[in-house]
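None of the figures in this text is laboratory data; all of them are computed from the coordinates on show. What you see is a predicted model; the values in this text were computed from it and never measured. Cβ placement follows ideal geometry from the backbone for every residue including glycine, while neighbour counts extend to all protein chains displayed.
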Amino acid sequence: MARVMITCPETGEPIYTGMSFDWSAFDTVRIGTAYLSEGVTHPEFPRQQGVLYHCTPIYEDLPGWSVDITEVRAWDHLPATARSYVERVEQLAGVPIRLISVGPQRSATFEKP
């Protein structure tokens with residue numbers, strides 16, 4: 001299980017924390033980037049129930065990785081496609097990702113330079 005945490009650049013406080021599963025079995029990794037509702041693109045999660053009811057997620061597909069990353073303990077040792085994924089999430093969120101976790105143990109977390 002991998003953990004994603006995005007922090008505020010000014011305060012260092014977490015602004016997003018998420019859990020995910022082992023992605024090493026996927027040829028493609030998807031990032032939800034917006035929502036489409038009745039021909040209108042919503043870059044943020046729609047708050048109106050009537051709009052949300054008709055929404056379809058818009059995804060950006062990135063290449064996946066087919067190697068086990070649970071033993072990786074340094075940014076440079078991640079597969080290039082995994083690093084590209086993290087960098088794209090940073091771009092979309094507009095904040096740096098500082099910690100990467102590739103498993104549930106504390107030792108499976110390392111800093112991104």
Q.
I'm told R47 meets every condition in (1) out of contact with any strand residue (DSSP E or B) (no Cβ under 9 Å at 6 or more places or on another chain); (2) of a type outside the set (F, W, Y); (3) not in a loop (DSSP other than H, G, I, E, B) except one. Can you identify the failing condition by its number?
A. (3)
Q: Could you please find all residues in segment 68-86 being surrounded by 12 or more Cβ atoms within 10 Å (Cβ to Cβ) and within 23 Å of G32 (Cα to Cα)?
A: I69, L78, P79, T81, A82, R83, S84, Y85, V86
Q.
Looking at S66, S101, can you tell me which residue is under 13 Å from the mean Cα position of the chain (by Cα) and among the polar types (S, T, N, Q)?
A. S101
Q: Could you check how many residues of segment 94-113 are exposed (fewer than 15 other Cβ atoms within 10 Å of the Cβ) and either closer than 21 Å to E44 by Cβ or free of Cβ contacts under 8 Å to residues at least 12 places away in the same chain (or both)?
A: 4
Q.
Name the residue that is surrounded by the fewest Cβ atoms within 10 Å (Cβ to Cβ), counting only residues in segment 25-65 that are touching a helix residue (DSSP H, G or I) at 6+ places or on another chain (Cβ under 9 Å) and hydroxyl-bearing (S, T, Y).
A. T33
